[in-house]
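The values are calculated or read from the model by the stated rules, or taken from the named source; none is laboratory data. All values derive from a computational prediction rather than experimental measurement. Neighbour counts run over all protein chains shown; Cβ positions are idealised from the backbone, glycine included. Areas reflect the complete protein model, heavy atoms only, side chains present, ligands, DNA and RNA absent. Shrake-Rupley method; radii C 1.70, N 1.55, O 1.52, S 1.80 Å.
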Amino acid sequence: MTFLRALATMLLMLVAVPPAQAADDAAIREAIAKFATARNFADTEAIVRELGASGDPRVEPALAALADGNLNFRKSDRQVFVTKESGQAATLFDPLTGETVGEAPKRDFTKIKVNNSLRRTIRAVVSGLTLAAPDSTVRLSAAINMFRAPDPANLEALDVAIARETEARVAAALEAARASSVLVSDQPDDRKLAAIALLGQRGDRETLSLLTAFSARAEGELKAAAEQAIDSINASLALWSAGQNVWYGLSLGSVLLLAAIGLAITFGVMGVINMAHGEMVMLGAYTTFLVQELIRVHQPALFDWSLAIALPLAFIVAGSVGLLIERGIIRFLYGRPLETLLATWGVSLILQQTVRTIFGPTNREVGNPSWMSGAVQLGELTVTWNRLWIVVFALAVFAVLLYAINRTSIGLRMRAVTQNRRMASAMGIRTPWVDAMTFALGSGIAGIAGVALSQIDNVSPNLGQGYIIDSFMVVVFGGVGNLWGTLVGAFTLGIVNKFLEPYAGAVLGKIVVLVIIILFIQKRPRGLFALKGRAVEA
Amino acid sequence: MRFLAGGFDRLATTIIVVLCIVAVMVPVLHLMLPPSSPFHVQTYLVALIGKYLTYALLALALDLIWGYCGILSLGHGAFFALGGYAMGMYLMRQIGSRGVYGDPVLPDFMVFLNWKELPWFWYGLDQFWFAALMILAVPGLLAFVFGWFAFRSRVTGVYLSIISQALTYALMLAFFRNNMGFGGNNGLTDFKDVLGYDIQAAATRSALFAASALALALGVLLTTAIVRSKFGKLLVATRDAESRMRFLGYRPENMKLVAFTFSAMMAGVAGALYVPQVGIINPGEFAPANSIEVVVWTAVGGRGTILGPIVGALLVNGGKSWFTGALPEYWLFALGGLFVAVTLFLPRGIVGTAQHGWAALKARRTAARAAASSQARPADPTSPAAPATAGLAAAE
């Protein structure tokens, strides 16, 4: 039995190692053995190049050991080993397979000497070898590494690799690597010009620093070309950074939209400023936290669904608290908007303190589901998945609300009450009921905004406070009675904020925005999209 | 003169007299009696009540525009803090070379930030008269500019409230910045002396207390004078029916602007008296929550009355001091509940309700007497007037 198994293994090994490779093996071993007889650095370099020319990735460990000074030959029989020293003794490894061969005293061995120029050659040869790797991502990362550390020694290997490359994105990276290497080499000027032209089209930050370094030492035509390329890269980088700002602005705007849209509904329909709106957002965030905690304890597999589960719950929790506030307090204060403002402020204090008492004043951790973590790179633009999903989510909520208000019967009633409460009442609409439903709806929306915000902000009792003034600004800016105003207001404020930040800093940018809104209100006291007609003045 | 004489109605005179007595008695009890005496007023109490009095002045300032003019400012804390900063800057300049770094001109925090020169807006504040001018001028100017824009374009109601809240929020963010030159996060503190007297000394504290009480008395006098003048009547009319005032040919925006600016200056004075007694001013004073708290003092005491805001400020702050000592967890519950309860059950506030009840009682008595006398003498051309408290009911 044992014998049979051994036989089978031997047969398998015979099949697995094709004769061609076996022949290669012999050639490589022979080449490596030549290190022991090399008389000077030039000899050694020739051997390194010979090994590189073999194109076999298996020579890499030996070359790496050579560069690190770990390649030795035994004085007695001039056999070459990779060694690892420990005290007086050294562990010997086979240079090709990397297997441990044994141990021997250190003094039996002579180190194969290398100098810096030889090390550079070795590096180039090794990267040339990885350029031939079968896995395209390995080739790509090798090309990018070469691009970052340009070296004239790489040129040959790159030329070979470009000729052989079949995949477009790897080929482009190789071309860029060759161009960057050409710039540091002593190649003729026309090749360098071509390289500059090629690099000028790439337009990322690394190319910029590469070209800047080149233009500092270049002269004449080359310098001019490099500077032109730098200018064009700067221009494209400015575009990208504007794009990045727009994206950040959209992201901030979507957050503002989520926080403000519920406020816009309640304010629009009822003329009531709900100062406790931020706390509804907070309740939504804490609902998410609770849901995730329960899932962690009972059903960890469901974690990726936690947000989907939290959404309706947050809507219900915040909506019912809103309904309670409306039925318990606000309905007694109709027609006295300033006092409603004060009462809801009181409610917000109570809610904050309640949450602080139950959950403690510290931040609670809410996790990102796997599909919301990570980022995607678009050119020079980094887009994180959670921000992207929040933009999508905000727009979805907006669309649903828009549909509900413009196309459903309850929406029709809400609009009627917004435009003319007494006339609506005369037409048989139960305005108190519409008020209650509106308030619950606005609060519920705030709750689901809290689910979204829990993904990007700290979940603490003060969560709502941070958004309340900004959402008021959105509503005041966008005007009431029209959801489009809220949308435009939110995104405008978000983008303006993010564009001001680089020039003025985050805090000053915010102040400038507030001042702009205060001035804007002078021009249009009822916001961008004001309701027209006499009902507004009533 | 006749305008000021109008301020001495019966209630205002009583308040002023009481405040004058307090201004004299508390320092006397504090300074003259030995600490062992049961009537001795302790140091912390002098500082505490002094602080409350400046709060009362702030609440009175808010009452003038909210109770009598219908402008709910959620940013009055900004004017309070600005007055406080003006005073704080004067006190910082008084430190001179006694600071930690010993720079004769620059305050410590500027030396710390490695500044070489005094910013231009710190010039002149080593003179008390100039600081006093700034205490009035800076809040007044800001209120004038803000009000000019807001009232002219008819920003009213909740819109105005929100915008004024944004104003104080923006100022808070601005003052938190170190390079604004106002001490950033830490604000201004470590004061040494005021007008040459040691700020920690018992006599100075007593003098500051007396100054606060007298400032409040002056505030009561001026507010009453304004409210009882013809201008005051127009203010109330603007509160109750702004459009109608406009149709009658008045310019309500100008009246509101005058009242708003005056109120802001009052708040500035309150802030200036607050700072030396508390010993610190920092950007936290600009927090929107503070301004809203002022509103609740006024609402609790009774807006549209002179006594109300004073009573409210003293009561709520007294309650706050007690609560934060005894049940710190529950203060926010109490404050929140107060907001809700006052708006729901006590819209006139304590003083307003009492006055209303008293007036109704008096009216009923007069009516009863008139009924009794009309039975005796049927044809009486001067029948009793309706209850004279139409003001608040129609406020909104």
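Inclusion of A:Gln455 among residues that are in a loop (DSSP other than H, G, I, E, B) and in contact (Cβ under 8 Å) with a residue 60 or more places away in the chain is warranted. For segment B:81-106, a residue qualifies if it is in a helix (DSSP H, G or I) and open to solvent by 30 Å² or more (accessible area, probe 1.4 Å), and the qualifying residues are B:Arg93, B:Gln94, B:Ser97, B:Arg98. Is there a residue being open to solvent by 60 Å² or more (accessible area, probe 1.4 Å) and under 25 Å from A:Arg120 (Cα atoms) anywhere in segment A:213-223? Yes, the conditions are met somewhere in segment A:213-223. Taken over segment B:6-21, residues that are open to solvent by 50 Å² or more (accessible area, probe 1.4 Å), touching a residue at least 60 places away in the same chain (Cβ under 8 Å) and outside any loop (DSSP other than H, G, I, E, B) amount to 2. Taking the criterion of being at the interface with another protein chain (Cβ under 8 Å from one of its Cβ atoms) and open to solvent by 10 Å² or more (accessible area, probe 1.4 Å), the residues of segment B:155-164 that qualify are B:Gly157, B:Val158, B:Tyr159. Report whether or not A:Ser425 is closer than 17 Å to A:Val269 by Cβ and of a type outside the set (Asp, Glu). Against the criterion (closer than 17 Å to A:Val269 by Cβ and of a type outside the set (Asp, Glu)), A:Ser425 qualifies. Considering segment B:112-130, the residues that are assigned to a loop (DSSP other than H, G, I, E, B) and farther than 24 Å from B:Gly268 by Cα include one that is nearest to the other protein chains (Cβ to nearest Cβ), namely B:Leu113.
Determine whether B:Arg152 is among the charged types (D, E, K, R), in contact (Cβ under 8 Å) with a residue 40 or more places away in the chain and either within 14 Å of chain A (Cβ to nearest Cβ) or buried (at least 23 other Cβ atoms within 10 Å of the Cβ) (or both). Yes; evaluated as a whole, the condition is true for this residue. Each residue in segment B:167-226 was checked for being within 14 Å of chain A (Cβ to nearest Cβ), surrounded by fewer than 21 Cβ atoms within 10 Å (Cβ to Cβ) and among the β-branched types (Val, Ile, Thr), and 0 of them qualify. Here A:Ile518 passes the criteria (1) without any contact (Cβ under 8 Å) to a residue 12 or more places away in the chain; (2) over 29 Å from A:Leu349 (Cα atoms); (3) within 13 Å of another protein chain (Cβ to nearest Cβ) except the one numbered (2). The number of residues in segment B:278-303 being more than 14 Å from chain A (Cβ to nearest Cβ) and part of a loop (DSSP other than H, G, I, E, B) comes to 2. Note on segment B:304-333: residues that are crowded, with 19+ Cβ neighbours inside 10 Å, at pLDDT 90 or above and either assigned to a helix (DSSP H, G or I) or within 12 Å of another protein chain (Cβ to nearest Cβ) (or both) amount to 9. For A:Asp186, the requirement of being within 25 Å of the chain's Cα centre (by Cα), farther than 24 Å from A:Ala132 by Cβ and modelled with pLDDT under 80 is not met.
Pairing each residue of segment B:131-149 that is more than 11 Å from B:Met265 (Cβ to Cβ) with any residue that is part of a helix (DSSP H, G or I) and open to solvent by 40 Å² or more (accessible area, probe 1.4 Å), provided the two are 6+ apart or on different chains, yields C-beta distances under 8 Å for B:Phe149/A:Leu519.
Only one of the numbered conditions (1) free of Cβ contacts under 8 Å to residues at least 60 places away in the same chain; (2) not in a strand (DSSP E or B) is violated by A:Val397, and that is (1). Residues in segment A:315-369 that are of a type in the set (Val, Ile, Thr), open to solvent by less than 30 Å² (accessible area, probe 1.4 Å) and away from every other protein chain (no Cβ under 14 Å): A:Val366 only. Taking the criterion of being outside any helix (DSSP H, G or I) and closer than 17 Å to B:Asn254 by Cα, the residues of segment B:131-178 that qualify are B:Ser153, B:Arg154, B:Val155, B:Thr156.
Determine which member of the set B:Val296, B:Val342 is crowded, with 19+ Cβ neighbours inside 10 Å, more than 19 Å from B:Met266 (Cβ to Cβ) and not charged (D, E, K, R).
Numbers: B:Val296 fails: more than 19 Å from B:Met266 (Cβ to Cβ).
When all the criteria are applied, what remains is B:Val342.
Within segment A:162-182, residues that are at negative phi reach partners that are open to solvent by 60 Å² or more (accessible area, probe 1.4 Å) and not in a helix (DSSP H, G or I) with beta carbons closer than 7 Å, at six or more positions or on different chains, in the pairs A:Ala176/A:Arg202. Annotation: B:Phe109 fulfils all but one of (1) among the hydrophobic types (A, V, I, L, M, F, W, C); (2) open to solvent by 20 Å² or more (accessible area, probe 1.4 Å); (3) within 14 Å of chain A (Cβ to nearest Cβ); the unmet one is (3). Being farther than 27 Å from A:Gly442 by Cβ, assigned to a helix (DSSP H, G or I) and more than 26 Å from the chain's Cα centre (by Cα): is that true of A:Ile295 here? Taking the combined requirement at face value, the residue satisfies it. Each residue in segment A:262-284 was checked for being modelled with pLDDT of 90 or more and part of a helix (DSSP H, G or I), and 8 of them qualify.
Among the conditions (1) over 13 Å from A:Leu174 (Cα atoms); (2) surrounded by fewer than 20 Cβ atoms within 10 Å (Cβ to Cβ); (3) without any contact (Cβ under 8 Å) to a residue 24 or more places away in the chain, the only one that A:Ala90 does not satisfy is (2).
Filtering A:Ala394, A:Ala416 for residues that are more than 14 Å from chain B (Cβ to nearest Cβ) and more than 36 Å from the chain's Cα centre (by Cα) leaves a single hit, A:Ala416.
Only residues that are of a type in the set (Phe, Trp, Tyr) and open to solvent by less than 30 Å² (accessible area, probe 1.4 Å): list them for segment A:449-482, please.
Here is the first cut: in segment A:449-482, the ones of a type in the set (Phe, Trp, Tyr) are A:467, A:472, A:477.
Result: A:Phe472, A:Phe477.
Being within 14 Å of chain A (Cβ to nearest Cβ), over 26 Å from B:His40 (Cβ atoms) and polar (S, T, N, Q) holds for only one residue in B:Ser243, B:Ser229, and it is B:Ser243. Selection over segment A:502-513 of residues that are surrounded by fewer than 20 Cβ atoms within 10 Å (Cβ to Cβ) and either in contact (Cβ under 8 Å) with a residue 40 or more places away in the chain or more than 23 Å from B:Asn185 (Cα to Cα) (or both) gives a count of 1. In the condition set (1) more than 14 Å from every other protein chain (Cβ to nearest Cβ); (2) at pLDDT below 90; (3) within 29 Å of the chain's Cα centre (by Cα), B:Leu133 is compliant with all but (2). Would you pick out the residues in segment A:115-125 that are open to solvent by 30 Å² or more (accessible area, probe 1.4 Å) and in contact (Cβ under 8 Å) with a residue 24 or more places away in the chain? Those that are open to solvent by 30 Å² or more (accessible area, probe 1.4 Å) and in contact (Cβ under 8 Å) with a residue 24 or more places away in the chain: A:Asn115, A:Ser117, A:Arg119, A:Arg120, A:Arg123.
Of note, B:Val138 does not satisfy the criterion of being within 23 Å of B:Thr43 (Cβ to Cβ), away from chain A (no Cβ under 14 Å) and not aromatic (Phe, Trp, Tyr).
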